[in-house]
Amino acid sequence: MKYNFIKKAFFPLIFVVTGHFSLAQGYWQQRVEYKMDVDFDVQNHQFQGSQSLKYTNNSPDTLYNVFYHLYFNAFQPESMMDVRSRTIEDPDGRVTDRIQKLDNSQVGYHKINELKQDGSDVDFIIEGTVIEVDLLKPILPGLSTTFSMTFESQVPIQIRRSGRNNKEGIDYSMAQWFPKLAEYDERGWHAHPYIGREFYAPWGDYEVNLTIDRDYVVAATGVLQNPNEIGYGYEDAGTEVKRKGKTLTWKFKAENVHDFVWAADPDYKHVVTDVPGGPVLHFFYQESPETKEWEKLPELSVKAFQYIEKNFGEYPFPHYSIIQGGDGGMEYPMATLITGHRSLRSLVGVTVHEALHSWYQGLLATNESYYAWMDEGYTSYASALTMMHLFGEEGEKVDWFNNGSYRGYYALVKSGKEEPMSTHSDTYETNSAYSRAAYSKGAVSIAQLGYIIGEEARNKTLLRYFNEWKFKHPDLNDFVRVAEKTSGLELDWYYDYWVNSTKTIDYGVGKVEEFDGNVLVEVVREGALPMPLDIVVTFKDGSKKSYYAPLSIMRGEKPNENELDRVVLPDWKWTHPTYNFQIEGDMDNIQSIEIDDTGLLADVNRENNTWTNK
Ligand SMILES: [Zn+2]
């Protein structure tokens, strides 16, 4: 009796304690397995859904609640998204007051008919775009539970990203279209109301069966399982077979993704091309004079994928679909929705940008609410390089950045509306401060990292970051650690300033005087943000020499990647507003002294960067 008691009571205890201990040691992430059946009615734009969701709690915590997102509920008058769109100083032109004007047949909604945990009804309440669920039984660390749900939904008129009848006549752009479990991570639950921006969700597998009118062509995340059954040559575009029955069920499977998008239109043309050694690319668009540039898109997309895979990491999924739909360009796993009436440059630009989100968001799934700049900024940076590879001239790199991301960042600083990039994406005071921070300042962060640690170390950092953190939810610290380990330099200071503050860089050349037969140069830090400096001295005979002043807080120097001779000066301590160094020889020999001749240092005032000998 006693023996049995001990066995029963203590064995599980020991197990739980050890399990808890080992889980707390390292990284963990939750896991989902969705199975959904959707019965879609194209007459009234509504659908019935049933969803089975196996949820595995890999956290060290016992969970007593779970939360789901109901994104379509945002498309109703007086929703948080509607009010936010009408009250923000600079509303998104695609939204403005359009939600307020929707009538009952045009709004979006999800109604939950039934929600069970392991077969028994659970209590839940719906609060706008979020379901709060009180679990029947808590989910212990390491254990799984299965939720089953039936729901009915109406697809809203397309306002933002998702919806029906987009402005180019695509019937259904189905993003954020199903009740979706919120993510739980080391910061807890992320059940933010949907007010128009940013997504974050658990990794897992999706099986989605979509039953829809047989005249429709469906494009989606994942791999179509039954091309023969539906009589549609998915692998073999163009060989459409006559279909039978009023509806068809399209069966898709996607493994190890964190979202599922689909789109449907009766007039989609479907083109397929292979990236040699890479994924199959699918293009879905309506043929019209406005989409004639799509004919050139497959070839350029193959070239883009080859360049991206070589420089930023291998694309691990079998397919990627470029789908005409939505309201601009938005990334989803294995697919993107883009508007298609574009010039060639714009069409390729948006395709490259959204495809690159497969790396920075699709695979490196940072929480967009907190690290939108790691998605948009890194994507913008890599897009600029890819577009240069496709369209640019050699040696154009610096101009490309200065004309884009750097200029956007300088405009943001000048506007006086800059907020720290650590601001939650939904809570920026203005849309423009959000987008310039996320896209421009985010891209500059990575271009400028090359200035700090060297381009080779920066490029290696990006690849290593991808290989170590793909299929996970990295945050800023994870990226910084990779950059530090790759470069051997301390970099926390850079991100403390660049991300958590709006402090700016401004250096100038101060006094230049002869001293003891040499030239003494004073450099002045005018801005609060300290940086290592490359100072290029041009001599009257046309020769140049580089003087490099590292920061003491870097604990090291970047390698010399410049073809110029480089003098490594003593460390500059950030507390010191001025810094002096000496150039050997006569003042008369010097033509000019310039701080950063590359343009990669985001110095907000370049007027004081150059001293010229007159
Ligand atoms: Zn983007």
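The values are calculated or read from the model by the stated rules, or taken from the named source; none is laboratory data. Predicted model, so just to flag it, every value in this text is computed and none were measured. Heads up, the Cβs are rebuilt from the backbone with ideal geometry, glycines too, and the neighbour counts pull from every protein chain shown.
Number of residues in region 350-372 that are closer than 23 Å to Q448 by Cβ, out of contact with any Asp or Glu (no Cβ under 9 Å at 6 or more places or on another chain) and away from the ligand (no atom under 11 Å from the Cβ) equals 1. Checked across region 88-101, the condition of being surrounded by 16 or more Cβ atoms within 10 Å (Cβ to Cβ), of a type in the set (G, A, S) and part of a loop (DSSP other than H, G, I, E, B) holds for no residue.
For region 561-614, the set of residues classified as of a type in the set (A, V, I, L, M) and closer than 19 Å to F515 by Cβ consists of V567, L569, I583, M587, I590, I593, listed by residue number.
I'd like the full set of residues that are within 16 Å of D215 (Cβ to Cβ) and of a type in the set (F, W, Y), limited to region 164-180. Selection gives Y172 alone.
Scanning region 309-335 for residues that are within 15 Å of the chain's Cα centre (by Cα), within 15 Å of the ligand (Cβ to nearest atom) and touching a residue at least 60 places away in the same chain (Cβ under 8 Å) gives F312, M330, Y332, P333, A335.
Being in the same structural domain as R94 (by TED's automatic domain parsing), part of a strand (DSSP E or B) and in contact with a Gly (Cβ under 8 Å, 6 or more places away or on another chain) is the requirement here; does T150 meet it? So T150 fits the description; yes.
Being outside the structural domain of T87 (by TED's automatic domain parsing) and under 20 Å from the mean Cα position of the chain (by Cα) narrows it down to one residue among A175, A220, A191; which is it?
Working: A175 fails: outside the structural domain of T87 (by TED's automatic domain parsing); A191 fails: outside the structural domain of T87 (by TED's automatic domain parsing).
Residue meeting the stated conditions: A220.
Among the residues of region 414-445, those that are of a type outside the set (D, E, K, R), within 16 Å of the ligand (Cβ to nearest atom) and within 20 Å of N605 (Cα to Cα) comprise A437, S440, G442, A443, V444, S445. For region 560-598, a residue qualifies if it is exposed (fewer than 13 other Cβ atoms within 10 Å of the Cβ), in contact with a helix residue (DSSP H, G or I) (Cβ under 8 Å, 6 or more places away or on another chain) and either hydroxyl-bearing (S, T, Y) or under 13 Å from D534 (Cα atoms) (or both), and exactly one does: E561.
For region 387-403, the criterion of being within 15 Å of the ligand (Cβ to nearest atom) and at pLDDT below 95 is satisfied by at least one residue. F67 satisfies every condition listed in (1) more than 28 Å from the chain's Cα centre (by Cα); (2) assigned to a strand (DSSP E or B) except (1).
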